[in-house]
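Colleague: Dropping the structure in here first, questions after.
The values are calculated or read from the model by the stated rules, or taken from the named source; none is laboratory data. The structure presented is a predicted model; accordingly, all values stated were derived computationally and were not measured. Positions of Cβ are backbone-derived with ideal geometry, glycine not excepted, and every protein chain shown enters the neighbour counts. Surface areas here come from the heavy atoms of the whole protein model, side chains and all, with no ligands, DNA or RNA. Shrake-Rupley method; radii C 1.70, N 1.55, O 1.52, S 1.80 Å.
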Protein chains: 2
Amino acid sequence: MAKFMDVHEGFVGVTAEQLAAAHEADLAIEGEEGVHFERAWLDPESGKVFCLSTGPSKEAVMRVHEKAGHPTTEVYELPIEV
Amino acid sequence: MAKFMDVHEGFVGVTAEQLAAAHEADLAIEGEEGVHFERAWLDPESGKVFCLSTGPSKEAVMRVHEKAGHPTTEVYELPIEV
């Protein structure tokens, strides 16, 4: 299992409820890909979302987000953390 | 206190020890600005670093990183998380 950060753009003005709904959509299907989305942080001013996850590959993370309706291609594997 | 994610580029090939040293440099001076860097994640392949912090403002976060020798202007305030 590896750790990943993915980044979304365009979430300007999104509310806490809307972010929670998007996160729930990931959680509902993530098991199919062996992924788990641990946390998501939103800056509603810039529209950036950062999602921290664990899973087998970047592609698996991307597939969950795509199936959940919020695709991104910006995914980074994070082998090092402090 | 607000929460922030900042992003650095150019850390290609950086090691765990080097990331820890950079993080320690932040921790050593962050108190001057009322900032605390909670966590940093590195993708040594792309060179991206993501730092999660709390503090009074984006500018305070930027000042700590600049004084510690690894400036960035890419800082996002994160009022919403799940």
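Colleague: Examine the range B:52-70 for a residue that is within 12 Å of chain A (Cβ to nearest Cβ), over 16 Å from A:VAL82 (Cβ atoms), open to solvent by 50 Å² or more (accessible area, probe 1.4 Å) and in a loop (DSSP other than H, G, I, E, B), and state whether such a residue exists.
Modeller: Looking through the range B:52-70, none of the residues is within 12 Å of chain A (Cβ to nearest Cβ), over 16 Å from A:VAL82 (Cβ atoms), open to solvent by 50 Å² or more (accessible area, probe 1.4 Å) and in a loop (DSSP other than H, G, I, E, B).
Colleague: So which of A:GLU45, A:GLU17 is surrounded by fewer than 14 Cβ atoms within 10 Å (Cβ to Cβ), facing chain B (nearest Cβ under 10 Å) and not in a helix (DSSP H, G or I)?
Modeller: Numbers: A:GLU17 fails: not in a helix (DSSP H, G or I).
Sole residue among the options that is surrounded by fewer than 14 Cβ atoms within 10 Å (Cβ to Cβ), facing chain B (nearest Cβ under 10 Å) and not in a helix (DSSP H, G or I): A:GLU45.
Colleague: Restricting the search to the range A:1-42, which residues are without any contact (Cβ under 8 Å) to a residue 60 or more places away in the chain, at negative phi and in contact with a helix residue (DSSP H, G or I) (Cβ under 7 Å, 6 or more places away or on another chain)?
Modeller: A:ASP26, A:ILE29, A:GLU30, A:GLU33, A:VAL35, A:HIS36, A:PHE37, A:ALA40, A:LEU42
Colleague: Another one. In the set B:GLU24, B:GLU38, which member is exposed (fewer than 15 other Cβ atoms within 10 Å of the Cβ) and not in a helix (DSSP H, G or I)?
Modeller: On the way: B:GLU24 fails: not in a helix (DSSP H, G or I).
Result of the check over B:GLU24, B:GLU38: B:GLU38.
Colleague: Name the residues in the range A:71-82 that are open to solvent by 30 Å² or more (accessible area, probe 1.4 Å) and hydrophobic (A, V, I, L, M, F, W, C), would you?
Modeller: Selection gives A:VAL82 alone.
Colleague: For B:LYS3, are the conditions met, namely being open to solvent by less than 40 Å² (accessible area, probe 1.4 Å), of a type in the set (Lys, Arg) and either within 24 Å of A:VAL49 (Cβ to Cβ) or facing another protein chain (nearest Cβ under 8 Å) (or both)? Before the answer, list the steps.
Modeller: On the way: open to solvent by less than 40 Å² (accessible area, probe 1.4 Å): no; of a type in the set (Lys, Arg): yes; either within 24 Å of A:VAL49 (Cβ to Cβ) or facing another protein chain (nearest Cβ under 8 Å) (or both): yes.
In short, no.
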